[in-house]
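J.: Handing you a structure now.
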Amino acid sequence: MPEREPDTVDQELEATAGFRASVSLLRRNRDFRRLFLASVISLGGDWFLFVAITSLIVQTTGRAIDVGLAILAQELAFFIASPPAGVLVDRLDRRTLMIVCDLARIGVCLSFLLVGAGTIWLAYPLLALLSVFGAAFDPASTAATPNLVEPRDLPTANALNGSLWGTMLAVGAGLGGIVATVFGRDTAFVIDAVSFGVSALLLWGIRRPFSEAREPGHEHPRMIDATVEVLHYARRDHDVLALIGVKAGFGLAAGVLALIPVFGVDVFDQGEIGVGALMAARGVGAFVGPFLGHRISGEGHRHLFGAIGVALVVFGLSYMALGLAPTLWVAAIVIFAAHLGGGAQWVLSTFGLQVLVPDHIRGRVFAFDFAMITLSLAISSVIAAVVSDAAGPRTAAVFVGAMAVLWAIVWSWLTRGIRRRTTTEGFSHPIPAAD
C-alpha cells in the first residue's frame, strides 16, 4: 500500500529537521524506521562493549597509550578495509551486504568473552575485525539513506541518523558502565552480539531498494580504478572535496576519545561509571548537535559551510576547557558542549555529500570519507595518549582541542569562496525522488 502524500503541515515540519519532523518521518516511512531501529540497537550494544573493554585495558595496564592503541587498531583496520568495502557497497546489493556484516559481527563479539587480564592482547585484533565489517556496513547505510526517503525528508533523516549515534552513545555508554560494574563485562559483550542479530532481522524486512537501478551494460571498475575515480571526482567538485576534507581534519582532534576513559578512571577516580558518565555527556551533545546544525545552516542550507566552521570552533574550545575542569560534572558539561559542535559538523558534511554525490559512486565516496577520518582519528588518538602519558591528560586535552580550533580556522579560510557562493546562490539538491 503506497504511503500517503504529506500535507502542507508535514512539509513544513520536514523542512525544520526538528523533533516533530523526526517523529513524522518515522511514523510515515516504514523502511527508514527499520533501518533507524537497526542502527539504534547495534550502536547501543557497541557502546556497551566499548566502555567495558577500554575500562579493562586501563585497569589492566594503567596506561593511556594502551587505550590509544586499541582505538588505533580499530581505525587502521577501518582505513585499510575501506577502499575494497566502498567498491562492494556500489557493486553488491547493499541490504544483503549489511546483513552479512551484522551476522559476522555476532561471532566477533562473542569472542570477546575470551578477553581477560591475562589475554588483554586479544582485544586488539578483535576490535580490528569488528572495524573491517563496519567499513562495509557504515558507508552502505549512509549511501542507502537517500534511496529510502523522499528528497524533502533527507535533512530530517540525516539529523536523525546523526543524533542516533549520540543517543546510543549516551544511553549505551551510561548503561554500559552500570551493566559492566553490576553484571560483569561478559554481559556487555553478549548484549553487543545479540544487538547485531536483531539489526540483521530488521534490515531483512526492508522493502525499498538500497540503490538506484543500474543502466543495462553498466560496468563496475576494478578496485584501483574505482578508487582513482573517487579521487578525480572529488578534485573536480570542490564542494565535495571541502566536505570530505572537513571530516579528515576533524579527526586530527577527535582522538580526544582516547582521553575520556583516562579522565573517568584516573583523573576523577570514578571507574567505569565515571567513563560511562563522560561518554553519556558526549552522546547527549551529539544527539542535540545534528538538529541544531541543520537549523543554524539556514533556509535551503545556504549557510551550511559557515555552520560547519562554527561547529568546529565550538568543538575545539570545549575540549580545551576539559583540561581545566575541576570535577567530573564540569567535565561532563564541557564534553556535552564539544559534541554539540562535533555532532553538527558531522551530519552537515554528511548531508552535503548525500545531496551532491550520485548514487552509483556514493558508496565509494563515503567509504573514502570514512577512511580519511579514521586514519586521522587513529593518528590523533596515539598523539593524545602519548601527550597524556608524558604531560598529563589535562595538558593533552588542551593540546588536542587547540588542534581543532586551528583546523577550523584553516578550513574556513580555504572554503571562503564556496561559503560566499552557497550563501548567495543556495545549496543545490539534485537527488531524484525515491521510488
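The values are calculated or read from the model by the stated rules, or taken from the named source; none is laboratory data. Quantities reported herein were computed from a predicted structural model and do not represent experimental measurements. Reconstructed Cβ throughout: ideal geometry from the backbone, glycine too, with neighbour counts over all protein chains shown. Quick note on the areas: whole protein, heavy atoms, side chains included, nothing else; ligands and nucleic acids left out. Shrake-Rupley method; radii C 1.70, N 1.55, O 1.52, S 1.80 Å.
J.: How about segment 177-212: which of its residues are surrounded by fewer than 19 Cβ atoms within 10 Å (Cβ to Cβ) and not aliphatic (A, V, I, L, M)?
T.: Listed by number, the residues that qualify are T181, F183, G184, D186, T187, G197, W204, G205, R207, R208, P209, E212.
J.: Something else now. Would you check if F36 is surrounded by fewer than 24 Cβ atoms within 10 Å (Cβ to Cβ), modelled with pLDDT of 80 or more and out of contact with any Cys (no Cβ under 9 Å at 6 or more places or on another chain)?
T.: yes
J.: Check segment 253-267 and report whether any residue there is open to solvent by 10 Å² or more (accessible area, probe 1.4 Å) and within 15 Å of the chain's Cα centre (by Cα).
T.: yes
J.: Of all residues being open to solvent by 20 Å² or more (accessible area, probe 1.4 Å) and touching a residue at least 60 places away in the same chain (Cβ under 8 Å) in segment 311-327, which is nearest to L406 (Cα to Cα)? Just the residue, please.
T.: V313
J.: Among residues belonging to segment 202-229 that are at pLDDT below 75 and assigned to a helix (DSSP H, G or I), point out the one that is nearest to V382 (Cα to Cα). Explain how you work it out, then say what you get.
T.: Here is the first cut: in segment 202-229, the ones at pLDDT below 75 are 213-229.
Among the residues that remain, those that are also assigned to a helix (DSSP H, G or I) are: 223-229.
Values: M223: 30, I224: 29, D225: 32, A226: 31, T227: 27, V228: 29, E229: 31 Å.
Ranking the candidates gives T227 first.
J.: Does segment 348-381 hold any residues that are open to solvent by less than 10 Å² (accessible area, probe 1.4 Å) and aliphatic (A, V, I, L, M), and which are they?
T.: Residues satisfying the conditions are L348, L353, V355, V357, I361, V365, A367, A371, A378.
J.: Residue by residue through segment 89-124, note down the ones that are of a type in the set (G, A, S) and either loosely packed, with under 15 Cβ neighbours inside 10 Å or over 23 Å from the mean Cα position of the chain (by Cα) (or both).
T.: Those that are of a type in the set (G, A, S) and either loosely packed, with under 15 Cβ neighbours inside 10 Å or over 23 Å from the mean Cα position of the chain (by Cα) (or both): G107, S111, G116, A117, G118.
J.: Moving on. One residue is enough: does segment 330-347 have a residue meeting the conditions open to solvent by less than 10 Å² (accessible area, probe 1.4 Å) and either out of contact with any helix residue (DSSP H, G or I) (no Cβ under 7 Å at 6 or more places or on another chain) or over 19 Å from A408 (Cα atoms) (or both)?
T.: Yes - at least one qualifying residue is present in segment 330-347.
J.: Can you run down the residue pairs with Cβ atoms below 9 Å, 6 or more apart or on separate chains, where the first is in segment 105-134 and of a type in the set (A, V, I, L, M) and the partner is not in a helix (DSSP H, G or I)?
T.: L122/V115; L122/G116; A123/V115; L126/V115
J.: Here is a further query. Which of the residues that make up segment 113-127 are of a type in the set (A, V, I, L, M, F, W, C) and assigned to a helix (DSSP H, G or I)?
T.: First pass over segment 113-127, keeping only residues of a type in the set (A, V, I, L, M, F, W, C): 113-115, 117, 120-123, 126-127.
Hits for segment 113-127 are L113, L114, A117, I120, W121, L122, A123, L126, L127.
J.: Is there any pair linking a residue in segment 245-261 that is closer than 21 Å to A281 by Cα to one that is aromatic (F, W, Y) and open to solvent by less than 10 Å² (accessible area, probe 1.4 Å), with Cβ under 8 Å and at least six apart or on different chains, and which?
T.: Every condition considered, the pairs that remain are F250/F315; A253/F315; A253/Y319; V256/Y319.
J.: Moving to a separate point now. Which ones in segment 382-435 are modelled with pLDDT under 85, surrounded by fewer than 18 Cβ atoms within 10 Å (Cβ to Cβ) and either in contact with a Ser or Thr (Cβ under 7 Å, 6 or more places away or on another chain) or not in a helix (DSSP H, G or I) (or both)?
T.: G426, S428, H429, P430, P432, A433, D435
J.: Continuing with this model, one more query. Hey, can you tell me all the residues within segment 68-88 that are under 19 Å from the mean Cα position of the chain (by Cα) and over 15 Å from A135 (Cα atoms)?
T.: Residues satisfying the conditions are G68, A70.
J.: Pick out the one residue from I260, I244 that is hydrophobic (A, V, I, L, M, F, W, C), part of a helix (DSSP H, G or I) and in contact with an Asp or Glu (Cβ under 6 Å, 6 or more places away or on another chain).
T.: Testing whether each residue is hydrophobic (A, V, I, L, M, F, W, C), part of a helix (DSSP H, G or I) and in contact with an Asp or Glu (Cβ under 6 Å, 6 or more places away or on another chain) leaves just I244.
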